[in-house]
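Down below is the structure, laid out as structure tokens.
Each reported figure results from applying straightforward, stated rules to the coordinates on display, with no laboratory input. Remember, predicted model here, so these are calculated numbers, not experimental data. All Cβ positions, even for glycine, are placed from backbone atoms using ideal geometry, and neighbour counts span all protein chains on display.
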Amino acid sequence: MEKTKATIQRILELVGFKDFSINSDNEGRKIIIFINEGDWFKNWIPRVISDLNHLSKVLANKNDHDSVFVDVNNYRKERENIIIDIAKAAARKVVMTKEDVKLPAMNSYERRIIHLELATRPDVETESAGEGVGRCVIVKLLQ
């Protein structure tokens, strides 16, 4: 993981970021980056995370070790909290209306968060539906 961290740090320097910090969480297999580049950077965070995660997977394959997840400015953590809130709201709606709730299309990581969050509820179940980028989660009432 330290090799991956060092490589990502070097790339951030080469790209021209001046005010950033990079830390690693070996137990959680995460690299946590804080970049202070002003308001213009906020719109680029999802793309930067995606690109750095792709890079970490390539480095992991090259160095024959487990890949790590990259988070920039706690974006991923905040997104996870939003997804969990959406899951809970959908479950409440299903219980109240007794109708299935189809959530918006999500990537596999976000769908997994929904499935894990609602797996402990005895009154609802989840299933993924659709194909490719249109794949989503449907929350259903258990009968």
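In this structure, the pairs whose alpha-carbon distance is over 25 Å, taken from 5/42; 57/140; 77/102, are 57/140.
The stretch between residue 6 and residue 93 holds 26.7 nm of extra length on full extension. This uses 0.36 nm per residue minus the Cα-Cα distance.
Summing Cβ point charges (Lys, Arg +1; Asp, Glu -1) relative to the Cα centre of the chain gives a dipole of roughly 140 debye. Between residue 105 and residue 75, what's the calculated FRET efficiency when r is the beta-carbon distance and R0 is 22 Å? Round to 0.05. In this case the efficiency is close to 0.70. Model label sites at residue 44 and residue 21, defined 7 Å from Cα along the beta-carbon direction, differ in position by 2.2 nm. Taking label positions 7 Å along the Cα-Cβ direction at both residue 13 and residue 133, the computed distance is 3.6 nm, reported to one decimal. Highest mean packing comes first when the peptides 109-121, 37-49 are listed by Cβ atoms within 10 Å, giving 109-121, 37-49. Among 60, 44, 32, pick out the residue whose Cα is farthest towards the positive end of the charge dipole of segment 2-73, where Lys and Arg carry +1 and Asp and Glu carry -1 on C-beta, about the Cα centre. Most positive-ward Cα: 60. Spin-label model, residue 63/residue 115: points 7 Å from Cα along the beta carbon direction are separated by 2.9 nm. Relative to the dominant Cα principal axis of the chain, helix 75-97 is inclined by about 0°.
Would you work out the relative contact order for segment 77-141, in percent, from Cα pairs under 8 angstrom that are 6 or more residues apart? It rounds to 38 percent for segment 77-141.
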